[in-house]
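The values are calculated or read from the model by the stated rules, or taken from the named source; none is laboratory data. These numbers were taken from a predicted model, which means no experiment stands behind them. Quick reminder, even Gly has a Cβ in these numbers, built from the backbone with ideal geometry, and neighbours come from all protein chains shown. When the accessible area is computed, the model is the full protein with side chains, heavy atoms only, and any ligands, DNA or RNA have been set aside. Shrake-Rupley method; radii C 1.70, N 1.55, O 1.52, S 1.80 Å.
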Amino acid sequence: MKIAISGATGLIGSTFKEFFLRNGHQVSVISRHRGFLKKTSDIFWDLNKNYIDTKALEGHDVIIHLAGANISAQNWSAAYKKEIRDSRIKSTRLLVQTIQCMSNRPKVFLCASAFGYYGHQEPEAVVDEKSPAGSGFLADVCREWENASADLVLYGVRLVHMRFGIVLSKKGGALAKMLPFFYWGLGGRLASGRQKMSWIAIDEIPRMVDFIIGHEEICGPVNMVSPKPVTNAEFTKTLGRVIDRPTIFPVPAAMIKLFFGQMGQELLLEGAHVKPSVFLNTGYNFQYPDLTTALKHIL
Ligand SMILES: NC(=O)c1ccc[n+]([C@@H]2O[C@H](COP(=O)([O-])OP(=O)(O)OC[C@H]3O[C@@H](n4cnc5c(N)ncnc54)[C@H](OP(=O)(O)O)[C@@H]3O)[C@@H](O)[C@H]2O)c1
């Protein structure tokens with residue numbers, strides 16, 4: 001298969017790229033940086049100019065869209081919130097407009113989204129793909145981001161919105177950021193620790209995407225999370241146990257709000273128990289279903 005991936009230089013995208021190349025597929029990187037384009041089939045885009053190399057994009061069987069400004073790279077000023085939003089919605093619209101004009105369209109368009117779609121939920125509440133969007137900045141961005149590609153179904157393209165949970169990897173993302181503190185023995189639950197963390201091991205994700213591509217009946221939103229989410233307190237204890245370090249220093253909510261503002265509130269103090277109903281109902285076999293197995297594999 002010919003697969004084009006935007007954000008292929010990022011944490012999730014580089015794992016996809018490696019996986020698909022290993023399995024004999026042809027992968028084209030879509031990037032804003034010409035320096036990252038190593039092969040002639042790679043694709044340049046300039047989102048500020050609403051430009052993409054249309055000819056180069058034509059003829060791919062699958063397009064995977066992951067690109068977007070990193071949501072935890074810096075605190076959420078008004079300008080950075082605009083960048084988080086625009087980088088996702090404008091890039092999605094550009095891809096959709098380009099696909100609409102193609103004579104040879106991809107069979108599947110997989111677009112990233114996030115479990116932030118559901119907003120903050122009480123720890124006892126369980127949401128799945130049929131649940132409505134929640135409230136908050138991330139929920140609003142996810143809703144708009146998913147809407148930006150909705151028209152594609154009118155053009156015969158199978159559309160999938162991958163609502164990623166917290167991706168666990170030691171190369172980047174949330175786990176990589178907290179690991180040094182845990183290794184120094186400074187790890188601890190965040191505030192009450194009751195907030196639910198819906199997570200997924202990085203090496204599970206390419207298998208899930210491969211499963212989606214192979215199952216034509218799967219379309220629409222798909223929760224990319226493990227079937228066993230945990231509270232932040234459980235996550236903290238499990239991580240401490242796996243790396244054999246104490247986790248006795250809880251971090252007060254006030255401190256998180258002071259240092260990280262709205263970003264700290266939505267990313268660290270809030271959460272949701274998200275159920276991967278689509279995968280459970282279609283017989284997907286999770287390789288890393290529980291946190292201990294996943295963390296032992298990753299670390
Ligand atoms: N990691 C997680 O835990 C997680 C959880 C939920 C959802 N997601 C979503 O999944 C997607 C991929 O996540 P990731 O962790 O792999 O992200 P990442 O490592 O931050 O990589 C994102 C990629 O997007 C491109 N990019 C960065 N800033 C951009 C901007 N301002 N405008 C356009 N493109 C930009 C970059 O590619 P180039 O520099 O090559 O253009 C980069 O490689 C993201 O959209 C993210 O929101 C991730």
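Determine the calculated [θ] at 222 nm for the chain from helices alone, applying -39500 (n - 2.57) to every DSSP H run no shorter than 4 residues and normalising by the residue count; nearest 500 deg cm²/dmol. Let's see the in-between values first.
Numbers: 10 runs with 108 residues, N = 299.
My calculation for the chain gives -11000 deg cm²/dmol from helical runs alone.
Give me the tail of P(r) for the range 111-226 as a percent: Cα-Cα pairs with distance above 23 Å. Please report the intermediate quantities before stating the final value.
Details: 2578 of 6670 pairs.
Roughly 39 percent, once rounded to a whole number.
If you bin every alpha carbon distance in the range 138-188 into 10 Å steps from zero, what whole percent lands in each bin?
Taking all Cα pairs of the range 138-188, the binned fractions are 20, 29, 23, 18, 8, 1 percent.
Across all directions of projection, what mean area in square nanometres is found for the Cα convex hull of the range 1-121?
Values: hull surface 34.3 nm².
It is 8.6 nm².
Report the relative contact order of the chain, percent, no decimals, based on alpha-carbon pairs under 8 angstrom and at least 6 residues apart. List each step's numbers first, then the result.
Values: 555 pairs, mean separation 54.4, N = 299.
Here the relative contact order equals 18 percent.
Enter the Cα centre distance for the pair the range 245-264 and the range 144-207, rounded to the nearest angstrom.
The range 245-264 and the range 144-207 have Cα centres spaced 19 Å from each other.
Would you please put 31-37, 118-124 in order of how densely packed they are, using the mean number of other Cβ atoms within 10 angstrom per residue and starting with the highest?
On the way: 31-37: 13.6, 118-124: 17.6.
Packing proxy ranking, top to bottom: 118-124, 31-37.
Taking the chain as a Gaussian network, Cα atoms linked when under 10 Å apart, which of Met178, Met208, Met162 shows the biggest mean-square fluctuation?
Among Met178, Met208, Met162, the largest GNM mean-square fluctuation belongs to Met178.
Can you tell me which lysines have their Cα less than 18 Å from the Cα of Lys81? Leave out same-chain residues fewer than eight positions away.
Lys90, Lys257
How high is the relative contact order of the range 143-299, given as a whole-number percent (alpha carbon pairs under 8 Å, six or more residues apart)? Write out the running numbers ahead of the final one.
Details: 227 pairs, mean separation 48.6, N = 157.
Reported relative contact order: 31 percent.
What is the Å³ per residue value for the convex hull set by the Cα atoms of the range 181-299? Numbers along the way, then the final one.
Values: hull volume 12.4 nm³, N = 119.
Considering the Cα atoms of the range 181-299, their hull volume per residue is 104 Å³.
Out of every Cα-Cα pair in the range 181-227, what percent are more than 18 Å apart?
54
Which entries of Lys196/Lys275; Lys82/Lys130; Lys2/Lys82; Lys130/Lys228; Lys17/Lys196 have Cα-Cα distances beyond 21 Å here? Intermediate values should be presented prior to the final figure.
Details: Lys196/Lys275 12 Å; Lys82/Lys130 28 Å; Lys2/Lys82 33 Å; Lys130/Lys228 18 Å; Lys17/Lys196 30 Å.
Long pairs (Cα-Cα over 21 Å): Lys82/Lys130; Lys2/Lys82; Lys17/Lys196.
Viscosity 0.890 mPa s, temperature 25 °C: give me the Stokes-Einstein translational D for the chain in µm²/s, with Rh taken as the Kirkwood radius over C-alpha pairs. Working shown, then result.
On the way: Rh = 19.8 Å.
For these conditions, the coefficient is 124 µm²/s.
Assign unit charges at the C-beta atoms only (+1 for Lys and Arg, -1 for Asp and Glu), then state the dipole size of the range 216-299 relative to its Cα centre in Debye, rounded to the nearest 20.
Numbers: 7 positive and 7 negative charges, 77 e Å.
The dipole of the range 216-299 has a size of about 380 debye.
Residues of the range 3-58: accessible area per residue at 1.4 Å, in Å²?
Details: 3080 Å² over 56 residues.
Spelled out: the 1.4 Å probe surface of the range 3-58, per residue, equals 55 Å².
So if I place +1 on the C-beta of Lys and Arg and -1 on the C-beta of Asp and Glu, and nothing else carries charge, what would the dipole magnitude of the chain be about its Cα centre? I want it in debye, nearest 20.
Numbers: 35 positive and 26 negative charges, 141 e Å.
For the chain, the charge dipole is close to 680 debye.
Per the Cauchy relation, a quarter of the hull surface: what is the mean projected area of the convex hull of the alpha carbons in the range 37-96, in nm²? Spell out each step's value before the answer.
Values: hull surface 19.7 nm².
If I average the Cα hull's projected area over directions, I get 4.9 nm².
What is the angle, in °, between the Cα long axis of helix 205-214 and the longest principal axis of the Cα atoms in the chain? Nearest 10 is fine, range 0 to 90.
Approximately 40 degrees, to the nearest 10.
Kindly identify the range 207-274 as rounded, prolate or oblate by the Cα gyration tensor criterion: order the square roots of the eigenvalues as a ≥ b ≥ c, call it rounded if a/c is under 1.5, otherwise compare a/b with b/c, prolate if a/b is larger, else oblate.
Values: a/c = 3.63, a/b = 1.74, b/c = 2.09.
Oblate is the answer for the range 207-274, as a/c is 1.5 or above yet b/c matches or exceeds a/b.
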